[in-house]
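Have a look at the structure below, then the notes.
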Amino acid sequence: MQYVIADTECGRCAIIDPVMDFDRKSAAVSYQQANEILDFINKRKWQVAWILDTHPHADHFSAAAWLSEQTGAPTAIGEKVSGVQALWKTLYHLPSIRDPEAIWDALFKDGDIFYIGNLRGEVIFSPGHTLASVSYHIGNSAFIHDTLFMPDSGTARADFPGGSAEDLWNTIQRILALPSDTRLFTGHDYRHDGREAQCESTISEQKENNAYLVNTDRQAFINMRKERDATLPLPDLMLMALQININGGNLPEPEADGNVYLKIPLNRF
Ligand SMILES: [Fe+2]
């Protein structure tokens, strides 16, 4: 899910988890969806105050760097992204990797405060799905990405490099302790049983109905998560996406022939 949240009185907004288009067959990237977000914002004459990623995604390429170029707005992600960079630097056998300070304008730690106009945002460190994940609690909304999905779809997986079912449980408890009127916006929707796509739930809906949390305790959740994750295929784009997303959505530097290449580790997963 890609989100725009705005202080409509001030005309300032933030873009959360924007996606770069990628045509897998031709390995061509484009910015159609990011352009649609810009059109949406420009029509309303809003200024972009922040471009926020919740974590280095495994299923798509981030459009954060491109949107920052277009708007001049600062980018941000959780400070622990350096740990994800280190893991994938090894997996890709990269000779070097850029410092996160050179890639993102802000590296948020737990409890950091930021503003979108007069809207106050607070960073909630939310590891589990990745070791660097953060949620953004902005006004009375929380963008909780790949922690809780819609109640009928349970929770995110926690088996990617650096993931932890134990951490995910703790993160979920923290999210469920937010004020009860908090609007929860999830990172994906898998349209359980073919229903219409949804993105928003409430704390009470999650407590009462989340398929992976009802009648569960910590250990049962961790066991269930590990068993289930062992059966899930890797995301289609993971081995490509991380290479771009640990670099803030920047493509690799062109090689001597002027072309850009991705590197794929074979037989590592
Ligand atoms: Fe994710």
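The values are calculated or read from the model by the stated rules, or taken from the named source; none is laboratory data. It should be emphasised that the depicted structure is a prediction, and the values quoted were computed from it without experimental measurement. Neighbour counts are summed over all protein chains in view; Cβ atoms, including those assigned to glycine, are modelled from backbone coordinates with ideal geometry.
Within the set Pro161, Pro127, the sole residue that is within 13 Å of the ligand (Cβ to nearest atom), at pLDDT below 95 and surrounded by 14 or more Cβ atoms within 10 Å (Cβ to Cβ) turns out to be Pro161.
Please determine whether any residue of region 77-90 is more than 16 Å from the ligand (Cβ to nearest atom), in a strand (DSSP E or B), within 30 Å of Ala177 (Cβ to Cβ) and β-branched (Val, Ile, Thr). Within region 77-90, not a single residue is more than 16 Å from the ligand (Cβ to nearest atom), in a strand (DSSP E or B), within 30 Å of Ala177 (Cβ to Cβ) and β-branched (Val, Ile, Thr).
For region 104-111, indicate whether the set of residues that are within 28 Å of Ala165 (Cα to Cα), out of contact with any Gly (no Cβ under 9 Å at 6 or more places or on another chain) and part of a loop (DSSP other than H, G, I, E, B) is non-empty. Yes, region 104-111 contains a residue that is within 28 Å of Ala165 (Cα to Cα), out of contact with any Gly (no Cβ under 9 Å at 6 or more places or on another chain) and part of a loop (DSSP other than H, G, I, E, B).
How many residues are outside any helix (DSSP H, G or I) and within 11 Å of Lys207 (Cα to Cα) when one looks only at region 155-178? First the steps, then the outcome.
Going residue by residue through region 155-178, those that are outside any helix (DSSP H, G or I) are 155-164, 177-178.
With the extra rule that they be within 11 Å of Lys207 (Cα to Cα), the set shrinks to 177.
Selection size over region 155-178: 1.
Here's a check for you: in region 218-262, which residue that is of a type in the set (D, E, K, R) and at pLDDT below 95 is nearest to Asp105 (Cα to Cα)? Once the filter is applied, the top-ranked residue is Glu253. Applying a threshold of 7 Å to beta carbon distances and a minimum spacing of six or more residues, or different chains, the list of pairs starting in region 43-58 at a residue that is closer than 16 Å to Ala142 by Cβ and of a type outside the set (Lys, Arg) and ending at one that is outside any strand (DSSP E or B) and away from the ligand (no atom under 16 Å from the Cβ) reads Trp50/Ala73; Trp50/Pro74. Any residue at all in region 104-114 that's touching a Leu at 6+ places or on another chain (Cβ under 6 Å) and either more than 26 Å from Arg12 (Cβ to Cβ) or away from the ligand (no atom under 16 Å from the Cβ) (or both)? No, region 104-114 contains no residue that is touching a Leu at 6+ places or on another chain (Cβ under 6 Å) and either more than 26 Å from Arg12 (Cβ to Cβ) or away from the ligand (no atom under 16 Å from the Cβ) (or both). On the basis of being under 27 Å from Asn267 (Cβ atoms) and either modelled with pLDDT of 95 or more or in contact with a helix residue (DSSP H, G or I) (Cβ under 6 Å, 6 or more places away or on another chain) (or both), does Val19 make the cut? Considered against the rule, which asks whether it is under 27 Å from Asn267 (Cβ atoms) and either modelled with pLDDT of 95 or more or in contact with a helix residue (DSSP H, G or I) (Cβ under 6 Å, 6 or more places away or on another chain) (or both), Val19 comes out as no. Listed by first and then second residue, the pairs linking a residue in region 248-269 that is aromatic (Phe, Trp, Tyr) to a residue that is surrounded by 12 or more Cβ atoms within 10 Å (Cβ to Cβ), with Cβ atoms under 8 Å apart and 6 or more places separating them unless they lie on different chains, are Tyr261/Pro252; Phe269/Leu234; Phe269/Leu239.
Scan region 150-165 and tell me whether some residue there is of a type in the set (Asp, Glu) and within 24 Å of Leu107 (Cβ to Cβ). Looking for residues that are of a type in the set (Asp, Glu) and within 24 Å of Leu107 (Cβ to Cβ), one finds none in region 150-165, hence no. Is it true that Pro95 is in contact (Cβ under 8 Å) with a residue 40 or more places away in the chain and either within 30 Å of Asn267 (Cα to Cα) or within 16 Å of the ligand (Cβ to nearest atom) (or both)? Criteria not met by Pro95.
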